[in-house]
Amino acid sequence: MASSSSSSSCSSSSEKKITLKSSDGEALNVEKNVALEFEPAKGFLEDNSEEADDEAIVVPLPNVSAAVLSELIPYVKQRLELSAKPVQKKLIKAFDDQFTRHLSDDKLGELMLAANYLGVNYLLDVLCDVTADRIKNKSVEYVREFLGIQNDFTPEEEAELRAQCPWAFEGVDQD
Amino acid sequence: MDITIALPAECISNIISLTTPRDACRLSVVSPVFKSAADSDSVWENFLPSDYKQIISNSVSDSSLITSLSKKDLYFHLCRNPIIINNGTMSFALEPESGKKCYMVGTKGLSIAWGDEPNHWILTSLPESRFPEVAELKYVWWFDVKAMIETRILSLRTNYTAYLVFKFVESKYGFARRPVDSGVYIEGSDNGVRRRLLLDPSRNMARLSQDRRDGWIEIEMGEFFNENGDDGKLVCSLFEFDSFITKRGLIIQGIEVRPKSG
(Lines give C-alpha, C1' and ligand atoms only; values in the text may rest on other atoms or scores of the structure.)
Protein backbone atom coordinates (compact mmCIF):
# COMPACT_ATOMS: atom_id res chain seq x y z
CA MET A 1 0.00 0.00 0.00
CA ALA A 2 2.69 2.48 0.96
CA SER A 3 4.79 2.21 -2.14
CA SER A 4 5.98 5.75 -1.70
CA SER A 5 8.84 7.24 -3.64
CA SER A 6 11.72 6.72 -1.25
CA SER A 7 14.33 7.43 -3.91
CA SER A 8 12.65 10.57 -5.23
CA SER A 9 14.69 13.46 -3.95
CA CYS A 10 18.40 13.23 -4.67
CA SER A 11 19.17 16.31 -2.60
CA SER A 12 18.13 14.75 0.67
CA SER A 13 20.01 11.52 -0.01
CA SER A 14 23.20 13.39 0.77
CA GLU A 15 21.77 14.15 4.21
CA LYS A 16 22.94 12.25 7.21
CA LYS A 17 21.06 9.09 8.02
CA ILE A 18 19.91 7.91 11.41
CA THR A 19 18.87 4.40 12.33
CA LEU A 20 15.56 3.91 14.11
CA LYS A 21 14.90 0.61 15.85
CA SER A 22 11.26 -0.47 15.94
CA SER A 23 9.45 -2.33 18.72
CA ASP A 24 9.79 -5.54 16.71
CA GLY A 25 13.53 -5.07 16.37
CA GLU A 26 13.82 -3.85 12.79
CA ALA A 27 16.35 -1.18 11.92
CA LEU A 28 15.12 1.56 9.59
CA ASN A 29 17.40 4.15 8.01
CA VAL A 30 15.97 7.64 7.77
CA GLU A 31 17.23 11.11 7.00
CA LYS A 32 18.15 13.01 10.14
CA ASN A 33 15.61 15.77 9.46
CA VAL A 34 12.84 13.16 9.34
CA ALA A 35 14.06 11.52 12.56
CA LEU A 36 14.05 14.93 14.26
CA GLU A 37 10.29 15.14 13.65
CA PHE A 38 9.86 12.30 16.13
CA GLU A 39 10.13 13.69 19.65
CA PRO A 40 11.64 10.63 21.34
CA ALA A 41 14.25 10.46 18.56
CA LYS A 42 14.95 14.17 18.85
CA GLY A 43 15.47 13.83 22.62
CA PHE A 44 17.68 10.81 22.14
CA LEU A 45 19.81 12.59 19.54
CA GLU A 46 20.21 15.62 21.79
CA ASP A 47 21.25 13.40 24.69
CA ASN A 48 23.80 11.67 22.48
CA SER A 49 25.05 14.72 20.63
CA GLU A 50 28.67 14.07 21.59
CA GLU A 51 28.58 11.01 19.38
CA ALA A 52 30.73 12.02 16.41
CA ASP A 53 29.18 9.75 13.88
CA ASP A 54 25.38 10.01 13.46
CA GLU A 55 25.50 6.86 11.36
CA ALA A 56 26.50 4.94 14.43
CA ILE A 57 23.49 6.07 16.44
CA VAL A 58 20.58 3.67 16.82
CA VAL A 59 17.45 5.27 18.26
CA PRO A 60 15.16 2.81 20.01
CA LEU A 61 11.43 3.41 19.48
CA PRO A 62 9.96 0.65 21.62
CA ASN A 63 6.31 1.68 21.10
CA VAL A 64 6.13 1.64 17.30
CA SER A 65 6.26 -1.34 15.00
CA ALA A 66 8.29 -1.45 11.80
CA ALA A 67 5.07 -1.69 9.78
CA VAL A 68 3.74 1.54 11.26
CA LEU A 69 7.12 3.31 11.02
CA SER A 70 7.42 2.46 7.36
CA GLU A 71 4.06 4.16 6.75
CA LEU A 72 4.98 7.15 8.86
CA ILE A 73 8.43 7.82 7.46
CA PRO A 74 7.42 8.50 3.83
CA TYR A 75 4.47 10.58 5.07
CA VAL A 76 6.63 12.78 7.30
CA LYS A 77 9.27 13.08 4.61
CA GLN A 78 6.83 14.28 1.97
CA ARG A 79 5.03 16.50 4.41
CA LEU A 80 8.37 18.15 5.29
CA GLU A 81 9.13 18.70 1.64
CA LEU A 82 5.69 20.22 1.11
CA SER A 83 5.89 22.57 4.06
CA ALA A 84 9.37 23.71 2.98
CA LYS A 85 7.81 25.13 -0.19
CA PRO A 86 5.43 28.08 -0.23
CA VAL A 87 2.53 25.78 -1.15
CA GLN A 88 -1.08 26.46 -0.43
CA LYS A 89 -2.81 24.85 2.51
CA LYS A 90 -5.10 23.21 -0.04
CA LEU A 91 -2.19 21.14 -1.38
CA ILE A 92 -1.21 19.93 2.07
CA LYS A 93 -4.86 19.10 2.73
CA ALA A 94 -5.02 17.11 -0.52
CA PHE A 95 -1.84 15.27 0.44
CA ASP A 96 -3.22 14.45 3.89
CA ASP A 97 -6.52 13.29 2.35
CA GLN A 98 -4.68 11.01 -0.02
CA PHE A 99 -2.66 9.55 2.84
CA THR A 100 -5.67 8.89 5.08
CA ARG A 101 -8.30 7.92 2.51
CA HIS A 102 -7.35 4.26 2.26
CA LEU A 103 -6.35 3.65 5.87
CA SER A 104 -8.21 0.77 7.46
CA ASP A 105 -9.87 1.49 10.81
CA ASP A 106 -7.21 -0.61 12.57
CA LYS A 107 -4.36 1.16 10.84
CA LEU A 108 -5.90 4.51 11.66
CA GLY A 109 -5.85 3.58 15.36
CA GLU A 110 -2.26 2.33 15.22
CA LEU A 111 -1.12 5.49 13.45
CA MET A 112 -2.91 7.66 15.98
CA LEU A 113 -1.13 5.96 18.86
CA ALA A 114 2.20 6.26 17.03
CA ALA A 115 1.64 9.92 16.12
CA ASN A 116 0.80 10.65 19.75
CA TYR A 117 3.82 8.77 21.09
CA LEU A 118 6.15 10.33 18.52
CA GLY A 119 4.68 13.81 19.04
CA VAL A 120 3.84 14.32 15.35
CA ASN A 121 0.99 16.67 16.15
CA TYR A 122 0.11 17.70 12.60
CA LEU A 123 -0.50 14.06 11.74
CA LEU A 124 -2.40 13.46 14.99
CA ASP A 125 -4.71 16.37 14.12
CA VAL A 126 -5.39 14.95 10.68
CA LEU A 127 -6.08 11.48 12.12
CA CYS A 128 -8.43 12.92 14.77
CA ASP A 129 -10.33 14.61 11.96
CA VAL A 130 -10.60 11.35 10.01
CA THR A 131 -11.68 9.45 13.13
CA ALA A 132 -14.37 12.07 13.86
CA ASP A 133 -15.67 11.69 10.30
CA ARG A 134 -15.79 7.93 10.61
CA ILE A 135 -17.75 7.89 13.88
CA LYS A 136 -20.22 10.68 13.01
CA ASN A 137 -23.82 9.49 13.06
CA LYS A 138 -22.76 5.96 14.03
CA SER A 139 -24.28 3.81 16.77
CA VAL A 140 -22.62 3.43 20.16
CA GLU A 141 -21.95 -0.26 19.40
CA TYR A 142 -20.27 0.66 16.13
CA VAL A 143 -17.95 3.17 17.83
CA ARG A 144 -16.99 0.65 20.52
CA GLU A 145 -16.09 -1.89 17.87
CA PHE A 146 -14.30 0.75 15.79
CA LEU A 147 -12.01 1.82 18.64
CA GLY A 148 -11.82 -1.55 20.39
CA ILE A 149 -13.47 -0.21 23.51
CA GLN A 150 -14.65 -2.44 26.33
CA ASN A 151 -17.89 -1.05 27.72
CA ASP A 152 -17.42 -0.40 31.43
CA PHE A 153 -20.94 0.90 32.06
CA THR A 154 -23.48 -1.37 33.74
CA PRO A 155 -26.67 -1.88 31.70
CA GLU A 156 -28.49 0.38 34.21
CA GLU A 157 -25.93 3.17 33.87
CA GLU A 158 -26.05 2.91 30.10
CA ALA A 159 -29.85 2.99 30.04
CA GLU A 160 -29.82 6.08 32.27
CA LEU A 161 -27.33 7.87 30.01
CA ARG A 162 -29.36 7.02 26.91
CA ALA A 163 -32.53 8.32 28.57
CA GLN A 164 -30.89 11.74 29.03
CA CYS A 165 -30.90 12.48 25.31
CA PRO A 166 -33.04 9.94 23.42
CA TRP A 167 -33.06 12.17 20.32
CA ALA A 168 -29.32 11.66 19.87
CA PHE A 169 -29.89 7.96 19.17
CA GLU A 170 -32.60 8.32 16.55
CA GLY A 171 -31.81 7.86 12.89
CA VAL A 172 -28.16 6.85 13.17
CA ASP A 173 -26.52 4.97 10.30
CA GLN A 174 -26.91 1.22 10.04
CA ASP A 175 -23.85 -0.55 11.46
CA MET B 1 -7.00 -2.94 21.48
CA ASP B 2 -8.67 0.00 23.18
CA ILE B 3 -6.76 2.96 21.82
CA THR B 4 -8.74 5.46 23.89
CA ILE B 5 -6.90 4.34 27.02
CA ALA B 6 -3.49 5.02 25.47
CA LEU B 7 -4.45 8.36 23.94
CA PRO B 8 -4.48 11.51 26.09
CA ALA B 9 -7.90 12.85 27.11
CA GLU B 10 -7.38 16.02 25.01
CA CYS B 11 -7.07 13.86 21.95
CA ILE B 12 -10.44 12.17 22.61
CA SER B 13 -11.99 15.59 23.32
CA ASN B 14 -10.52 16.87 20.09
CA ILE B 15 -12.11 14.00 18.12
CA ILE B 16 -15.49 14.59 19.76
CA SER B 17 -15.37 18.34 19.19
CA LEU B 18 -14.92 17.62 15.47
CA THR B 19 -18.32 15.86 15.40
CA THR B 20 -21.65 17.51 16.26
CA PRO B 21 -23.55 18.15 19.52
CA ARG B 22 -25.87 15.27 18.63
CA ASP B 23 -22.89 12.96 18.13
CA ALA B 24 -21.27 14.13 21.37
CA CYS B 25 -24.41 13.24 23.36
CA ARG B 26 -24.44 9.78 21.81
CA LEU B 27 -20.68 9.27 22.21
CA SER B 28 -20.90 9.94 25.95
CA VAL B 29 -22.51 6.49 26.24
CA VAL B 30 -19.57 4.68 24.58
CA SER B 31 -17.42 4.36 27.72
CA PRO B 32 -16.48 6.27 30.89
CA VAL B 33 -13.39 7.66 29.12
CA PHE B 34 -15.59 8.92 26.30
CA LYS B 35 -18.13 10.27 28.73
CA SER B 36 -15.68 12.49 30.55
CA ALA B 37 -14.27 13.74 27.24
CA ALA B 38 -17.73 14.21 25.72
CA ASP B 39 -18.90 16.29 28.69
CA SER B 40 -15.79 18.46 28.83
CA ASP B 41 -15.85 22.24 28.53
CA SER B 42 -13.39 22.18 25.64
CA VAL B 43 -15.88 20.18 23.53
CA TRP B 44 -18.93 22.30 24.31
CA GLU B 45 -17.11 25.63 24.12
CA ASN B 46 -16.54 24.59 20.53
CA PHE B 47 -20.24 23.84 19.94
CA LEU B 48 -21.40 27.16 21.39
CA PRO B 49 -21.50 30.02 18.87
CA SER B 50 -18.19 31.91 18.90
CA ASP B 51 -19.94 35.09 20.09
CA TYR B 52 -22.06 33.49 22.83
CA LYS B 53 -20.52 35.57 25.61
CA GLN B 54 -21.37 38.78 23.82
CA ILE B 55 -24.92 37.59 23.11
CA ILE B 56 -25.51 36.72 26.75
CA SER B 57 -24.06 39.97 28.06
CA ASN B 58 -26.36 41.89 25.71
CA SER B 59 -29.39 40.00 26.99
CA VAL B 60 -31.66 40.66 29.94
CA SER B 61 -30.43 37.36 31.41
CA ASP B 62 -27.93 37.20 34.20
CA SER B 63 -24.38 37.21 32.78
CA SER B 64 -23.29 34.86 35.54
CA LEU B 65 -24.75 32.12 33.33
CA ILE B 66 -21.43 32.22 31.49
CA THR B 67 -19.38 31.39 34.56
CA SER B 68 -21.77 29.46 36.78
CA LEU B 69 -22.63 26.63 34.39
CA SER B 70 -20.44 24.04 32.71
CA LYS B 71 -20.27 24.66 28.96
CA LYS B 72 -22.49 21.66 28.28
CA ASP B 73 -25.11 22.87 30.78
CA LEU B 74 -24.92 26.36 29.31
CA TYR B 75 -25.43 24.90 25.83
CA PHE B 76 -28.60 23.06 26.85
CA HIS B 77 -29.76 26.00 28.94
CA LEU B 78 -29.65 28.09 25.77
CA CYS B 79 -31.52 25.35 23.86
CA ARG B 80 -34.34 25.16 26.39
CA ASN B 81 -34.58 28.73 27.67
CA PRO B 82 -34.52 31.39 24.96
CA ILE B 83 -32.92 34.59 26.22
CA ILE B 84 -34.30 38.02 25.43
CA ILE B 85 -31.87 40.26 23.54
CA ASN B 86 -31.77 43.58 21.65
CA ASN B 87 -33.79 45.62 24.17
CA GLY B 88 -36.56 43.05 24.30
CA THR B 89 -37.13 42.94 20.55
CA MET B 90 -35.83 39.40 19.95
CA SER B 91 -35.14 36.12 21.62
CA PHE B 92 -32.09 33.95 21.05
CA ALA B 93 -31.77 30.18 21.45
CA LEU B 94 -29.75 27.27 20.11
CA GLU B 95 -31.01 24.40 17.99
CA PRO B 96 -30.01 21.36 20.11
CA GLU B 97 -28.85 18.96 17.39
CA SER B 98 -26.54 21.36 15.59
CA GLY B 99 -25.93 24.25 17.99
CA LYS B 100 -27.05 26.72 15.33
CA LYS B 101 -28.62 30.04 16.20
CA CYS B 102 -32.38 30.55 16.37
CA TYR B 103 -34.05 33.92 16.74
CA MET B 104 -37.60 35.06 17.29
CA VAL B 105 -38.55 38.64 16.57
CA GLY B 106 -41.20 39.58 19.13
CA THR B 107 -43.98 42.14 18.93
CA LYS B 108 -41.66 44.96 19.97
CA GLY B 109 -39.36 44.17 17.04
CA LEU B 110 -42.02 43.57 14.36
CA SER B 111 -43.28 46.23 12.06
CA ILE B 112 -47.06 45.96 12.03
CA ALA B 113 -49.27 48.15 9.86
CA TRP B 114 -51.70 50.00 12.15
CA GLY B 115 -49.81 48.44 15.06
CA ASP B 116 -49.78 51.74 16.97
CA GLU B 117 -53.54 52.11 16.76
CA PRO B 118 -55.25 50.51 19.78
CA ASN B 119 -58.54 50.04 17.90
CA HIS B 120 -56.64 47.83 15.44
CA TRP B 121 -53.95 46.07 17.45
CA ILE B 122 -53.50 45.92 21.21
CA LEU B 123 -50.61 44.76 23.35
CA THR B 124 -51.40 42.10 25.85
CA SER B 125 -49.49 39.85 28.25
CA LEU B 126 -49.73 36.08 28.16
CA PRO B 127 -48.04 33.70 30.61
CA GLU B 128 -47.13 31.33 27.75
CA SER B 129 -45.22 34.06 25.89
CA ARG B 130 -41.45 34.46 26.20
CA PHE B 131 -41.90 38.20 25.62
CA PRO B 132 -43.61 40.49 28.15
CA GLU B 133 -46.07 41.65 25.48
CA VAL B 134 -47.71 40.12 22.43
CA ALA B 135 -49.85 41.73 19.74
CA GLU B 136 -53.53 40.89 19.50
CA LEU B 137 -55.41 41.86 16.38
CA LYS B 138 -58.69 43.68 17.12
CA TYR B 139 -59.55 44.27 13.50
CA VAL B 140 -57.94 45.36 10.24
CA TRP B 141 -58.54 45.10 6.54
CA TRP B 142 -54.95 45.90 5.80
CA PHE B 143 -52.97 43.07 7.36
CA ASP B 144 -49.21 43.58 7.03
CA VAL B 145 -46.60 42.23 9.46
CA LYS B 146 -42.85 42.17 8.89
CA ALA B 147 -39.75 40.98 10.74
CA MET B 148 -36.30 42.17 9.74
CA ILE B 149 -33.23 40.20 10.79
CA GLU B 150 -29.60 41.04 10.05
CA THR B 151 -28.16 38.02 8.21
CA ARG B 152 -24.80 38.59 9.93
CA ILE B 153 -26.23 37.36 13.24
CA LEU B 154 -27.39 34.05 11.73
CA SER B 155 -25.26 30.90 11.60
CA LEU B 156 -23.26 30.62 8.40
CA ARG B 157 -23.86 28.10 5.60
CA THR B 158 -27.21 27.25 7.09
CA ASN B 159 -30.66 26.72 5.65
CA TYR B 160 -33.12 28.70 7.72
CA THR B 161 -36.89 28.45 7.79
CA ALA B 162 -39.05 31.32 9.00
CA TYR B 163 -42.19 30.58 11.02
CA LEU B 164 -45.09 32.67 12.20
CA VAL B 165 -45.75 31.80 15.85
CA PHE B 166 -49.36 32.55 16.71
CA LYS B 167 -52.74 31.52 18.10
CA PHE B 168 -56.32 32.69 17.90
CA VAL B 169 -58.78 34.03 20.43
CA GLU B 170 -62.36 32.71 20.45
CA SER B 171 -63.84 35.53 18.42
CA LYS B 172 -61.62 35.14 15.37
CA TYR B 173 -62.62 36.13 11.89
CA GLY B 174 -61.22 36.48 8.41
CA PHE B 175 -58.46 33.81 8.40
CA ALA B 176 -60.56 30.70 7.73
CA ARG B 177 -61.12 30.99 4.00
CA ARG B 178 -58.87 33.80 2.92
CA PRO B 179 -55.16 32.89 2.89
CA VAL B 180 -52.47 35.40 3.75
CA ASP B 181 -49.33 35.68 1.63
CA SER B 182 -45.87 35.19 3.07
CA GLY B 183 -42.48 36.05 1.61
CA VAL B 184 -38.92 35.57 2.86
CA TYR B 185 -36.28 37.54 0.99
CA ILE B 186 -33.35 39.91 1.27
CA GLU B 187 -34.24 43.57 1.67
CA GLY B 188 -33.91 45.30 -1.67
CA SER B 189 -33.88 42.09 -3.70
CA ASP B 190 -37.31 40.53 -3.32
CA ASN B 191 -37.26 37.16 -5.09
CA GLY B 192 -41.02 37.35 -5.53
CA VAL B 193 -41.53 33.88 -4.01
CA ARG B 194 -44.77 33.81 -2.02
CA ARG B 195 -46.59 31.20 -0.04
CA ARG B 196 -50.33 31.29 0.51
CA LEU B 197 -51.08 30.36 4.08
CA LEU B 198 -54.48 29.52 5.45
CA LEU B 199 -53.92 30.32 9.11
CA ASP B 200 -57.24 28.94 10.34
CA PRO B 201 -58.34 26.14 7.99
CA SER B 202 -61.65 24.43 8.63
CA ARG B 203 -61.58 20.87 9.84
CA ASN B 204 -61.77 19.21 6.43
CA MET B 205 -58.92 21.21 4.92
CA ALA B 206 -55.20 20.48 4.93
CA ARG B 207 -53.54 21.99 7.97
CA LEU B 208 -50.11 23.49 7.35
CA SER B 209 -49.64 24.74 10.88
CA GLN B 210 -48.16 22.71 13.72
CA ASP B 211 -48.64 22.64 17.45
CA ARG B 212 -45.41 23.76 19.15
CA ARG B 213 -46.43 22.22 22.48
CA ASP B 214 -45.65 25.50 24.21
CA GLY B 215 -49.11 27.01 23.95
CA TRP B 216 -48.53 28.30 20.41
CA ILE B 217 -48.86 27.09 16.85
CA GLU B 218 -46.52 27.84 13.99
CA ILE B 219 -46.65 27.88 10.24
CA GLU B 220 -43.78 27.98 7.72
CA MET B 221 -43.41 31.31 5.94
CA GLY B 222 -40.44 30.52 3.70
CA GLU B 223 -36.79 29.57 3.58
CA PHE B 224 -33.46 31.30 3.29
CA PHE B 225 -29.93 29.99 2.87
CA ASN B 226 -27.43 32.06 4.83
CA GLU B 227 -24.11 31.59 3.07
CA ASN B 228 -21.68 34.12 4.55
CA GLY B 229 -23.97 36.40 6.54
CA ASP B 230 -23.16 39.33 4.27
CA ASP B 231 -26.48 39.64 2.45
CA GLY B 232 -27.85 42.46 4.59
CA LYS B 233 -31.30 42.25 6.11
CA LEU B 234 -33.61 39.28 5.83
CA VAL B 235 -37.25 40.26 5.49
CA CYS B 236 -39.99 37.88 6.66
CA SER B 237 -43.25 39.32 5.48
CA LEU B 238 -46.90 38.37 5.96
CA PHE B 239 -49.73 40.29 4.34
CA GLU B 240 -53.30 40.29 3.01
CA PHE B 241 -54.86 43.49 1.81
CA ASP B 242 -56.57 42.58 -1.41
CA SER B 243 -59.83 41.22 -0.14
CA PHE B 244 -61.08 44.02 2.12
CA ILE B 245 -62.25 41.30 4.48
CA THR B 246 -62.19 42.24 8.14
CA LYS B 247 -59.68 40.18 10.06
CA ARG B 248 -59.59 39.80 13.80
CA GLY B 249 -58.66 37.57 16.73
CA LEU B 250 -55.07 36.66 15.79
CA ILE B 251 -52.40 36.80 18.49
CA ILE B 252 -48.79 36.93 17.29
CA GLN B 253 -45.95 35.98 19.62
CA GLY B 254 -43.40 36.59 16.90
CA ILE B 255 -41.65 35.43 13.75
CA GLU B 256 -39.00 32.80 14.33
CA VAL B 257 -36.07 31.81 12.12
CA ARG B 258 -34.35 28.54 12.87
CA PRO B 259 -32.34 25.96 10.90
CA LYS B 260 -34.42 23.74 8.72
CA SER B 261 -34.64 20.38 10.42
CA GLY B 262 -33.26 17.24 8.74
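The values are calculated or read from the model by the stated rules, or taken from the named source; none is laboratory data. These figures come from a predicted structure and were not determined experimentally. When we count neighbours, we look across all protein chains shown, and the Cβ atoms used for this are built from the backbone with ideal geometry, even at glycine. We work out accessible area using only protein heavy atoms, side chains counted, and drop any ligands, DNA or RNA first. Shrake-Rupley method; radii C 1.70, N 1.55, O 1.52, S 1.80 Å.
For this structure, a couple of remarks:
- Near the amide H of B:Glu150, within less than 5 Å, lie the amide hydrogens of B:Leu234, all on another chain or at least 5 residues away, with H placed in the peptide plane.
- Counted over the protein assembly as shown, the DSSP beta bridges are approximately 95% antiparallel.
- Computed from backbone phi with θ = phi - 60° and the Karplus coefficients 6.51, -1.76 and 1.60, the 3J(HN,Hα) list for the stretch B:191-202 is 7, x, 6, 10, 10, 9, 10, 8, 6, 9, x, 6 Hz; x is used for glycine and proline.
- Debye intensity ratio in log₁₀ form over the Cα atoms of the stretch A:10-135, taken at each q of 0.14, 0.18, 0.20 Å⁻¹: -0.63, -1.00, -1.19
- Among the listed pairs A:Lys93/B:Lys53; B:Lys146/B:Lys167; A:Lys42/A:Lys85, those whose Cα-Cα separation exceeds 27 Å are A:Lys93/B:Lys53.
- Surface composition of the stretch B:1-83: carbon plus sulfur atoms contribute 52% of the solvent-accessible area (1.4 Å probe, protein chains only, all chains present).
- Local charge for B:Glu220 was computed over the other residues whose Cβ lies under 15 Å away, with Lys and Arg +1 and Asp and Glu -1, and equals +2.
- Tilt relative to chain A, helix A:89-101 - C-alpha long axis, 0 to 90 degrees, to 10: 70 degrees
- Assigned charges on the beta-carbon of Lys, Arg, Asp, Glu; chain B dipole about Cα centre (debye): 700 debye
- Nearby aspartates and glutamates by direct alpha-carbon distance to B:Lys35 (threshold 14 angstrom, same-chain neighbours under 8 apart not counted): A:Asp152, A:Glu157, A:Glu158, A:Glu160, B:Glu10, B:Asp23
- Across chain B: Cys residues that no other cysteine approaches within a C-beta distance under 4.7 Å: B:Cys11, B:Cys79, B:Cys102, B:Cys236
- Enclosed volume per residue, in Å³, of the convex hull spanned by Cα atoms of the stretch B:119-229: 144 Å³
- Scaled radius of gyration (Cα, divided by 2.2 N^0.38 Å) that chain B gives: 1.15
- Taking the DSSP bridge list for chain A and keeping only pairs wholly inside it, about 60 percent are antiparallel.
- Residues of the stretch A:40-175: accessible area per residue with a 1.4 Å probe, Å²: 54 Å²
- Nearest-ten-degree value, helix B:71-80 long axis tilted from longest Cα axis of chain B: 20 degrees
- For the stretch B:27-73, residues shielded by at least 50 square angstrom of accessible area compared with the chain on its own, probe 1.4 Å: B:Val29, B:Val30, B:Pro32
- With every protein chain in place, chain A: carbon and sulfur % of accessible area (1.4 Å): 48 percent
- Residue mean of other protein chain beta carbons inside 10 Å, B:7-20: 5
- Net charge over other residues, Cβ less than 12 angstrom from the Cβ of B:Ile83 (K, R count +1; D, E count -1): +2
- For B:Arg194, the shell of other residues with beta-carbons less than 13 Å away shows a net charge of -4, using +1 for Lys and Arg and -1 for Asp and Glu.
- Viscosity 0.692 mPa s, temperature 37 °C, Stokes-Einstein D of the protein assembly as shown from Kirkwood C-alpha radius, µm²/s: 126 µm²/s
- The residues of chain B have, on average, 47 Å² of accessible surface per residue, using a 1.4 Å probe with all protein chains present.
- With contacts taken as Cα pairs under 8 Å and at least 6 residues apart, chain A reaches a relative contact order of 19 percent.
- Those residues of the stretch A:85-132 for which accessible area with every protein chain present is at least 10 Å² below the isolated value (1.4 Å probe): A:Gly109, A:Met112, A:Leu113, A:Asn116, A:Leu124, A:Asp125, A:Cys128, A:Asp129, A:Thr131, A:Ala132
- For the stretch B:101-259, relative contact order (Cα pairs under 8 Å, six or more residues apart, normalised by length) works out to 40 percent.
- Enclosing the Cα atoms of the stretch B:3-81 in their convex hull gives a volume equal to 86 cubic angstrom per residue.
- Folded to 0 to 90 degrees: helix A:121-135 orientation relative to chain A principal axis, Cα: 30 degrees
- With the highest mean first, a sort of the peptides A:134-145, A:82-93, B:85-96 on other beta-carbon atoms found within 10 angstrom per residue produces B:85-96, A:134-145, A:82-93.
- Taken across both chains, chains A and B shield about 2600 Å² of accessible surface from a 1.4 Å probe.
- Using the Karplus relation 6.51 cos²θ - 1.76 cosθ + 1.60 with θ = phi - 60°, the per-residue 3J(HN,Hα) values for the stretch A:39-47 come to 4, x, 5, 4, x, 5, 5, 5, 5 Hz, with x marking Gly and Pro.
- With 20 Å² as the minimum drop in accessible area between chain alone and full protein complex (1.4 Å probe), the qualifying residues in the stretch A:151-175 are A:Asp152, A:Phe153, A:Leu161, A:Cys165, A:Trp167, A:Ala168, A:Phe169.
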